[in-house]
Amino acid sequence: SSSSSSSSSSSGGSSIGSGHGGGGDGGPAHVEADAPASYGFVYTAEGMAIADDLIALADSTGGPKAALARSQELLATSRHFLDACHPLLHRLGRTLFRRPSGGLVVALKQLVSFDDAAQREAATLMNDKTLLAQLTSASGGDAGRQPAAGGDQRLAPVPRKDVDLLMTCNAAYLHGIIELFLYHAGVEGNLKGGVNFVTSKICDRLGHDFRPPWECRHGVGHGIAQFERHAATRQALDAALSTATSSVAKKGDAWNGIWMDHFASTTVSSHDADDPVAVLSVCADPKLGASRGRGDCLLYSATAFLLHRPRAYVAALQWCYDGCAAIRAACESSCVRGVGMQTFKENLDNMRLVGQVCIKAKTQSLRQSCVSGAKGYYSFATGHNLPPSFCRQIEDTS
């Protein structure tokens, strides 16, 4: 962790404050325990409300400066924010980076300036074709050229007042941006180039005091670890699925266990609750879930969300929709079925709650998939069909 605070990166598809608790109607479908302690506070209603306010402030003021200034005020007025400011601002940085019009340059707007060459280099390292096209258009056709590795133009030091804002909560906002930039650069095969870019274009411009450059390089460590963990996880999944294929007579049964274990092993520092596209990508990967237990992969995927957002079952439905947007329609059915399964698994005597969750699915077909997930779990676990008394619990839900 950075200095005295723990660091976190949870980490996508939706804004960090969206979906307060899941149900949105005050009913039991969106119950969340309020655990105001560091990581546990981030997904409480209070934590997400603070996050929403900071995002809105950044949007209304054209950048993060006012939001970071507000964060400094909250350190003196909110004990819960004081305890959880590091993971909260990590997620703020990741959220503004992840915006469709975001990225490293935009997320650092108002704080760290970049010339055209540096912007081109950052976009190239991430293979951000949209940004490269915008830069090309703005510069009359030259922005698409490949920049020299590392660049050769010295950028101005970051003003001290802006460095102080970046250091808020042990530079958590900066860490969140750096780690996602390096993750995406690594996916494109440009991890070392990304590291060189961050150290030369950001860290080296934060002054000569010990702490700011150290915090910046600490964020580089986050990004390196997160990309390498991503790569190693995919290698481990491939090896596990291959071993099951060659060693287990009924390989599908073992694949099911592999996918359950994978999604139940989400880490505190992961961003599974916020990046459903990345989480579900293993299920669509031709080398992984697309050809080896795709249905089970999708079925268990929402577990990763619910481990970070306990009992936020309705919000998990939207998480499925967001993650499945780039995958075939059957993705939604399997993922939503998993939400129903997990809801019942965590509330074995409360089929009414399952009904309250599943009725919120966006189509009748998906509502049926959600309920069937719960019924299937009961049947598989007990060897019996769901009792009529359980079914009657949800008859009045619709």
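Observations on the model:
- Rg/Rh for segment 147-284 (Cα atoms only, Rh after Kirkwood) is 1.12.
- Between Arg392 and Asp59, full extension at 0.36 nm per residue minus the direct alpha carbon distance yields a gain of 115.2 nm.
- Percent carbon-and-sulfur accessible area, segment 49-137, ignoring ligands, DNA and RNA, probe 1.4 Å: 55 percent
- Compared with the direct C-alpha span, the chain from Lys362 to Met260 gains 34.2 nm at full extension, assuming 0.36 nm per residue.
- With a cut-off of 13 Å between beta carbons, the residues surrounding Arg229 carry a summed charge of -2, where Lys and Arg count +1 and Asp and Glu -1.
- Ranked by the mean number of other Cβ atoms within 10 Å of their residues, highest first, the peptides 203-216, 118-131 fall in the order 118-131, 203-216.
- Of Leu132, Ala67, Ala118, farthest towards positive along the dipole that unit charges on Lys, Arg, Asp, Glu beta carbons give segment 46-137: Leu132
- Placing pseudo-labels 7 Å out from each Cα toward the beta carbon at Ala249 and Ala326 gives an inter-label distance of 4.1 nm.
- Assigned charges on the beta-carbon of Lys, Arg, Asp, Glu; segment 240-339 dipole about Cα centre (debye): 300 debye
- Ranked from largest to smallest solvent-accessible area, with a 1.4 Å probe on the protein heavy atoms, Tyr378, Tyr321 come out as Tyr378, Tyr321.
- Partners for Lys161 among lysines (Cα-Cα distance below 20 Å; same-chain residues under 8 apart left out): Lys65, Lys109, Lys201
- In this structure segment 250-398 gives 44 Å² per residue of accessible area when probed at 1.4 Å with all protein chains present.
- Cα pair distances in segment 272-395, grouped into 5 Å bins until the bin that holds the longest one, percent each: 2, 13, 24, 24, 18, 12, 6, 2, 0
- Per residue value of the accessible surface for segment 43-89 (all protein chains in place, 1.4 Å probe), Å²: 40 Å²
The values are calculated or read from the model by the stated rules, or taken from the named source; none is laboratory data. Since the structure is predicted, the reported quantities are computational estimates derived from the model, not experimental observations. Don't worry about glycine lacking a Cβ; one is built from the backbone with ideal geometry, like all the others, and counts go over all protein chains shown. In case anyone asks, the SASA skips ligands and DNA or RNA and just uses the protein heavy atoms, side chains included. Shrake-Rupley method; radii C 1.70, N 1.55, O 1.52, S 1.80 Å.
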